[in-house]
Amino acid sequence: MRSVNLTKVVIPAAGLGTRFLPATKAMPKEMLPVVDRPAIQYVVEEAVSAGLTDVLMVTGRNKRPLEDHFDRAYELEDVLRAKGDTDRLSSVRTSSALASIHYVRQGDPRGLGHAVLCAELHVGREPFAVLLGDDLIDARDQVLPTMIDVQKRYGGSVLALMEVPPEQIHLYGCADVTATADPAVLRVTGLVEKPAPGAAPSNLAVIGRYVLAPEVFDELRSTPPGKGGEIQLTDALGTLLAKAPVHAVVFNGRRYDTGDRLTYLKAIVHLAGAHPELGEPFRAWLREQAPTLS
Ligand code: UTP
């Protein structure tokens, strides 16, 4: 099997973020701050640490703050330099120097599958990763390097699955799987987007990390709108798996959907608690507060 070096990552960030209104009325949810940087910066950092340095962001309306964040901010840099504030200067420059970042616009947010299809011209005919811009994987619990390794060994596409309580599976894409010779790798045999209660083939939810074969674009072009009237990536992968291998790894670590208000708050508490500078005083304050929370 020909092994292609994976360098490209697509980060869809064009959704409307209706679950987080009104905060997301004028600001993409991917730009909401988590401790001291926008959620999407964690996602770009995760990609870069896995060796994916060619980033394509799929943006929609309100894309300005995203582009500005990953661009140079000369005025701000000049002010910080003049003050001799080298720490803040370097924090401001980090985001613009992380990776080679490109943008494509998804004019009409017709679903995640449609957002990924917008990346076709940039990606070309090579495998690529998709990382959802509102889905944070704790840097202490990486899954992307394993997925890239599985793609190199098996070819095709690789999904990340997470066990969820059965009563929550209707909120996710759900995978039917069989074992492979490697206990850490599953073969995906079926996929259903947001299954009706009782109709889920498993409690394995598809989470926002994918390593995809370019054939997914061919499927997406002929995928009709599915759940919610949107073109679903899960549906395209469901037809792809009859033609090409789709494998999966199960992720057991910490993951936060920052597009959901409650998990967003949990993400902040977890990541602030682990922050090198803020962690210790924040944890002490939390311990003090615990008895007073009702
Ligand atoms: P979500 O399923 O969270 O949908 O998208 P959403 O529309 O953004 O948010 P809600 O449900 O209205 O609150 C998952 C990811 O796919 C992107 C989103 O930006 C998010 O990163 N997405 C979704 C697009 O880029 N385009 C779309 O048309 C839909």
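The values are calculated or read from the model by the stated rules, or taken from the named source; none is laboratory data. What you see is a predicted model, and the numbers here were worked out from it, not measured in a lab. Heads up, the Cβs are rebuilt from the backbone with ideal geometry, glycines too, and the neighbour counts pull from every protein chain shown.
Exactly one residue among LEU52, LEU80, LEU66 is touching a residue at least 40 places away in the same chain (Cβ under 8 Å), assigned to a helix (DSSP H, G or I) and crowded, with 16+ Cβ neighbours inside 10 Å, and that residue is LEU66.
The C-beta contact set for segment 18-31 (first residue at positive phi, second residue more than 11 Å from the ligand (Cβ to nearest atom) and in a loop (DSSP other than H, G, I, E, B), distance under 7 angstrom, 6+ apart or interchain) is empty. The condition of being polar (S, T, N, Q) and touching a Phe, Trp or Tyr at 6+ places or on another chain (Cβ under 6 Å) holds for only one of SER95, SER91, that being SER95.
Which is at pLDDT 95 or above and closer than 26 Å to ALA272 by Cβ, of VAL48, VAL58? I'd like the intermediate steps shown before the answer.
On the way: VAL58 fails: closer than 26 Å to ALA272 by Cβ.
Exactly one of VAL48, VAL58 is at pLDDT 95 or above and closer than 26 Å to ALA272 by Cβ, namely VAL48.
Of the residues making up segment 1-27, those that are near the ligand (Cβ under 8 Å from one of its atoms), in a strand (DSSP E or B) and not β-branched (Val, Ile, Thr) are PRO12, ALA13. One residue is enough: does segment 113-122 have a residue meeting the conditions at pLDDT below 95 and within 29 Å of HIS270 (Cβ to Cβ)? No, that holds for no residue. Of the conditions (1) surrounded by fewer than 21 Cβ atoms within 10 Å (Cβ to Cβ); (2) under 23 Å from ARG261 (Cβ atoms); (3) within 16 Å of the ligand (Cβ to nearest atom), GLU30 clears all except one; give me its number. Single failed check for GLU30: (1).
Within segment 237-294, being of a type in the set (A, V, I, L, M), within 27 Å of PHE217 (Cα to Cα) and either more than 18 Å from the chain's Cα centre (by Cα) or surrounded by fewer than 15 Cβ atoms within 10 Å (Cβ to Cβ) (or both) holds for LEU240, LEU241, ALA242, ALA244, VAL246. Among the residues making up segment 129-151, those that are more than 16 Å from the ligand (Cβ to nearest atom) and of a type outside the set (A, V, I, L, M, F, W, C) are ASP138, ARG140, ASP141, GLN142, PRO145, THR146, ASP149, GLN151. Candidates are the residues of segment 34-49 that are within 16 Å of the ligand (Cβ to nearest atom) and more than 13 Å from LEU131 (Cβ to Cβ); the one that is surrounded by the most Cβ atoms within 10 Å (Cβ to Cβ) is PRO38. ASP54 satisfies every condition listed in (1) out of contact with any strand residue (DSSP E or B) (no Cβ under 7 Å at 6 or more places or on another chain); (2) under 24 Å from TYR210 (Cβ atoms); (3) among the acidic types (Asp, Glu) except (1).
What are the residues in segment 94-128 that are touching a residue at least 60 places away in the same chain (Cβ under 8 Å), more than 14 Å from the ligand (Cβ to nearest atom) and either touching a Gly at 6+ places or on another chain (Cβ under 7 Å) or assigned to a strand (DSSP E or B) (or both), if any? Listed by number, the list holds a single entry, PHE128.
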